[in-house]
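Colleague: Here's a structure for you.
The values are calculated or read from the model by the stated rules, or taken from the named source; none is laboratory data. What you see is a predicted model, and the numbers here were worked out from it, not measured in a lab. Cβ atoms come from the backbone with ideal geometry, glycine included; neighbour counts cover every protein chain shown. Each accessible area value is taken on the protein alone, full model and side chains, heavy atoms only, with ligands, DNA and RNA left out. Shrake-Rupley method; radii C 1.70, N 1.55, O 1.52, S 1.80 Å.
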Amino acid sequence: MALFNRGSKITLENAKIPVHVGVIMDGNGRWAKKRGLPRKVGHRQGAQNFRAITRHAKEVGVKYITFYAFSTENWKRPKDEVDALMNLFEKYLDELDDFLKEHVRIRFIGDRSKLSESLQQKMLDSERKSKDYDIMTLLLAINYGGRDEICHSCKTLAQQVKEGKLEPEDITMDMIEQNLYTGDVPPVDLVIRPSGEQRLSNFMIWQCAYAEFYYSDILWPDFNNDEFDKAILAYSERNRRFGGV
Ligand code: FPP
C-alpha cells in the first residue's frame with residue numbers, strides 16, 4: 001500500500017503511525033440487509049473483522065486501539081439484536097486464550113454494572129490474564145457513552161469534595177481526565193468510521209478533542225487490512241497543530 005505526496009512515496013514503513021486509534025464499527029446491519037440476512041449475521045461478520053483488524057493493527061505498530069462495540073444508547077435496539085451482541089462478546093472472551101497468544105493487553109471501558117454477571121466476570125478475568133502484555137492495548141467500549149463517562153468522572157470528584165478531600169476550585173482538567181475509564185491511556189489520534197456516516201456518536205468525546213477523522217463508505221465487515229492501511233496513510237499526511245500554528 002502506498003500513497004504519493006509531493007513526489008515522495010509514503011508507505012507504511014515510513015508513515016507516521018498513530019499511537020491510539022479509535023474505531024466505530026458501523027454498517028453491520030446494512031451489510032446483512034444487502035444480502036437478505038438478519039442483522040445479527042452482520043454483527044457476527046463484524047466481530048470476525050474486529051479480530052482481523054486487531055491483529056493487523058498490532059503488526060502496523062499501533063499501541064492502543066479502541067473499538068466501539070456497544071453504546072449506552074444501543075439498549076434501545078430489539079432484544080434479540082442486543083442478546084446477539086452480548087453473546088458475541090461472551091464468545092470472544094471464551095476464546096480468549098487463543099487471542100492471548102498475540103500478547104495483546106485487553107481492557108474494557110464503559111458502565112459494566114448493567115452487563116450480566118458472567119460477562120462481567122469474563123471481562124475481569126481477561127483483564128487480569130493479559131495485564132502484563134504491552135505490545136498493544138486493546139480497549140473494548142461496551143455499554144460506553146462519552147457523556148456518561150465524563151459524568152462518572154465528575155461524580156468521583158464530587159464525592160471527594162463532599163468528603164472534604166478536595167476543594168472545588170482545585171479541580172483541574174487532568175483530574176477529570178484521570179477519572180475517565182481510560183485513566184492512563186493516551187488521547188485518541190485517529191478515529192476511523194466506516195459505512196459513510198460522519199459523526200462521533202458519543203465516542204470518547206473527551207479523548208478525541210484533537211483526534212483526526214477518517215471516514216470511508218465501506219461497511220465495517222468489508223473494512224479489511226488494506227482499508228485500514230489507507231486510514232493510517234491518510235493520517236500520516238495530516239498536519240496536526242493542536243490549536244497552534
Ligand atoms: C453499528 O452498526 C454496530 C454496532 C452497534 C455493534 C458493533 C459490534 C460488533 C461488530 C461486534 C464486536 C464483537 C466483539 C467480540 C468485540 P449498525 O448495526 O448500526 O449498522 P447499520 O448502521 O448498517 O444498521
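Colleague: Is there a quick way to get the dipole size of segment 138-245? I mean about its Cα centre, with the Cβ of Lys and Arg at +1 and of Asp and Glu at -1; what is the value in debye to the nearest 20?
Modeller: 220 debye
Colleague: So what is Rg over Rh here for segment 1-109, counting just Cα atoms and using Kirkwood for Rh?
Modeller: Reported Rg/Rh (Cα atoms, Kirkwood Rh): 1.04.
Colleague: Right, next: For the chain, report the accessible area per residue in Å² (1.4 Å probe, heavy atoms, rounded to an integer).
Modeller: On a per-residue basis, the chain sits at 52 Å².
Colleague: Under 37 °C and 0.692 mPa s, how fast does segment 169-213 diffuse according to Stokes-Einstein, given a Kirkwood radius computed over C-alpha pairs? Answer in µm²/s, whole number.
Modeller: 275 µm²/s
Colleague: In whole Hz, with x marking every Gly and Pro, tabulate ³J(HN,Hα) for segment 34-44 from phi via Karplus 6.51 cos²θ - 1.76 cosθ + 1.60, θ = phi - 60°.
Modeller: Each residue of segment 34-44 in turn: 4, 9, x, 10, x, 4, 5, 5, x, 5, 5 Hz.
Colleague: Share of antiparallel DSSP beta bridges in the chain, in percent to the nearest 5?
Modeller: Restricted to the chain, the bridges split so that about 15 percent are antiparallel.
Colleague: Enumerate the calculated ³J(HN,Hα) couplings along segment 110-120 in order (Karplus 6.51 cos²θ - 1.76 cosθ + 1.60, θ = phi - 60°), each rounded to whole Hz, writing x wherever the residue is Gly or Pro.
Modeller: So the J values, rounded to whole Hz, are x, 8, 6, 4, 8, 8, 5, 4, 5, 5, 4.
Colleague: Mind checking which lysines have their Cα closer than 23 Å to the Cα of LYS230? Skip sequence neighbours fewer than 8 apart in that chain.
Modeller: Straight-line reach from LYS230, under 23 Å: LYS9, LYS16, LYS58, LYS63.
Colleague: Between Rg and the Kirkwood Rh of segment 152-245, both from Cα atoms, what is the Rg to Rh ratio?
Modeller: On the way: Rg = 17.7 Å, Rh = 15.9 Å.
Result for segment 152-245 is an Rg/Rh of 1.12.
Colleague: Continuing with the same structure: Roughly how far apart, in whole Å, are the Cα centres of segment 30-77 and segment 155-187?
Modeller: Here the two parts' Cα centres lie 32 Å apart.
Colleague: Work out the length of the dipole vector of the chain about its Cα centre, built from +1 on the beta-carbon of each Lys and Arg and -1 on the beta-carbon of each Asp and Glu, and round it to the nearest 20 debye.
Modeller: In total the dipole reaches around 720 debye.
Colleague: Okay, helix-only estimate at 222 nm for the chain: each DSSP H run of n ≥ 4 adds -39500 (n - 2.57), divide by all residues, round to 500 deg cm²/dmol; what do you get?
Modeller: -13000 deg cm²/dmol
Colleague: Which entries of LYS33/LYS101; LYS34/LYS91; LYS79/LYS122; LYS34/LYS79 show an alpha-carbon separation above 30 angstrom in the structure shown?
Modeller: LYS33/LYS101
Colleague: Taking 8 Å as the Cα distance limit and 6 or more residues as the minimum spacing, I'd like the relative contact order of segment 1-118 as a percentage.
Modeller: 24 percent
Colleague: Taking the Kirkwood radius as the inverse of the mean 1/r across Cα pairs, report the Rg/Rh of segment 20-67.
Modeller: 1.08
Colleague: Give a quick list of GluC sites (Glu not before Pro) in segment 162-193 that DSSP marks as loop, anything other than H, G, I, E or B, with at most 13 other Cβ atoms within 10 Å.
Modeller: Details: sites: GLU163, GLU169, GLU177; in loops: GLU163.
Here the GluC sites (Glu not before Pro) that fit, given the DSSP loop and packing criteria, are GLU163.
Colleague: In addition: Select from TYR68, PRO38, ALA84 the residue farthest towards the positive end of the dipole of segment 27-116; place +1 on Cβ of Lys and Arg, -1 on Cβ of Asp and Glu, and compute about the Cα centre.
Modeller: PRO38
Colleague: Between HIS152 and VAL19, 0.36 nm times their residue separation minus their Cα-Cα distance comes to what?
Modeller: So the chain would gain 45.3 nm between HIS152 and VAL19.
Colleague: Taking a quarter of the surface of the Cα convex hull of the chain, what do you get in nm²?
Modeller: Mean projected area for the chain: 15.6 nm², to one decimal.
Colleague: Which whole number in µm²/s is D for segment 74-152 by Stokes-Einstein, with the Kirkwood Rh taken over Cα pairs at 10 °C and 1.306 mPa s? Don't skip to the end; give the middle numbers.
Modeller: On the way: Rh = 13.5 Å.
Here the translational diffusion coefficient equals 118 µm²/s.
Colleague: Also, quick follow-up: Keeping the other protein chains in place, figure out the carbon and sulfur percent of the accessible area of the chain, with a 1.4 Å probe.
Modeller: 49 percent
Colleague: In Å, the Kirkwood hydrodynamic radius of segment 118-206 over pairs of distinct alpha carbons? Before the final figure, lay out each step's value.
Modeller: On the way: mean 1/r = 0.0642 Å⁻¹.
Computed over Cα pairs of segment 118-206, the Kirkwood hydrodynamic radius comes out at 15.6 Å.
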